[in-house]
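Presented below is the structure to which this report refers.
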Amino acid sequence: SRWHGNVVLILYLVPQRAALDQNTIRETAALRAAGHQVVAHSQPSKPPLGMVRLTLSAKRIAQTLRPDAVMCRDLDTLAAGVRVKEESDAPLVYFPHEIYPAMIEDDVPAFIARAAAKQERKLLRKTDALVASNPGIIEWLVEQGPQDGIGWDNPIALVMNCRNPEPVFTKPDTRAFC
């Protein structure tokens, strides 16, 4: 660890909609049980102003805490995580729980869902590690990878956070994930 002895200090950026989600609570508890220190942070996030606020507050927290790693849950925190990484040199871990463009596609015009997909592909290239919450997310992340035939440099870790140990998966572009 850079500054904290053997303890890894993780700044976990979580969208407001998931701040009290049971998966977030379990993930944070598991990281703490493994001996890490976790600071979870979210901001009310009505795009785009909420994302700007999250970025500014996350940068201030990172300047104070100097985290060893930044972990982002879902696309609505990833731009903030990239900015924190650029200013702090902390590795960036992306842990999508949803296929964000598919999640929002029924609620926004199609061009916004397409723009979200494009932004996610761009920001993914700035991550240092990828973690997926189910195999469908892994398949989707692989599809988003570099188009040069090489793929991601590091394997995508699978951390199942489902209540059902044998979830039923559908096509990666659907919402039927656990």
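The values are calculated or read from the model by the stated rules, or taken from the named source; none is laboratory data. Treat the numbers as computed from the prediction; the structure is a model and nothing was measured. No Cβ is skipped: glycine too gets one built from the backbone with ideal geometry, and neighbour counts run over all protein chains shown. All accessible areas refer to the heavy atoms of the entire protein, side chains included, with ligands and DNA or RNA removed. Shrake-Rupley method; radii C 1.70, N 1.55, O 1.52, S 1.80 Å.
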Identify, please: which residue in region 62-91 is in contact with a Pro (Cβ under 9 Å, 6 or more places away or on another chain) and among the charged types (D, E, K, R) and is, among those, surrounded by the most Cβ atoms within 10 Å (Cβ to Cβ)? 73
Just to be sure before I move on: is residue 76 out of contact with any strand residue (DSSP E or B) (no Cβ under 8 Å at 6 or more places or on another chain), more than 24 Å from residue 7 (Cα to Cα) and either in a loop (DSSP other than H, G, I, E, B) or modelled with pLDDT of 95 or more (or both) in the structure I sent? no
Would you confirm whether any residue within region 79-88 is over 10 Å from residue 13 (Cβ atoms), under 12 Å from the mean Cα position of the chain (by Cα), assigned to a helix (DSSP H, G or I) and modelled with pLDDT under 90? no
Considering each of 20, 56, 65 in turn, give the residue that is over 16 Å from the mean Cα position of the chain (by Cα) and free of Cβ contacts under 8 Å to residues at least 12 places away in the same chain. 56
Yes/no for residue 43 being in a loop (DSSP other than H, G, I, E, B) and of a type in the set (S, T, N, Q): yes
Going residue by residue through region 38-54, is there one that turns out to be farther than 20 Å from residue 7 by Cβ and modelled with pLDDT of 95 or more? no
Criterion first (modelled with pLDDT under 80 and surrounded by 13 or more Cβ atoms within 10 Å (Cβ to Cβ)) does residue 169 satisfy it? yes
So, residue 73, is that one in contact (Cβ under 8 Å) with a residue 40 or more places away in the chain, among the basic types (Lys, Arg) and under 27 Å from residue 160 (Cβ atoms) or not? yes
Take region 92-146 and flag every residue that is among the polar types (S, T, N, Q), under 21 Å from residue 69 (Cα atoms) and open to solvent by less than 20 Å² (accessible area, probe 1.4 Å). 133
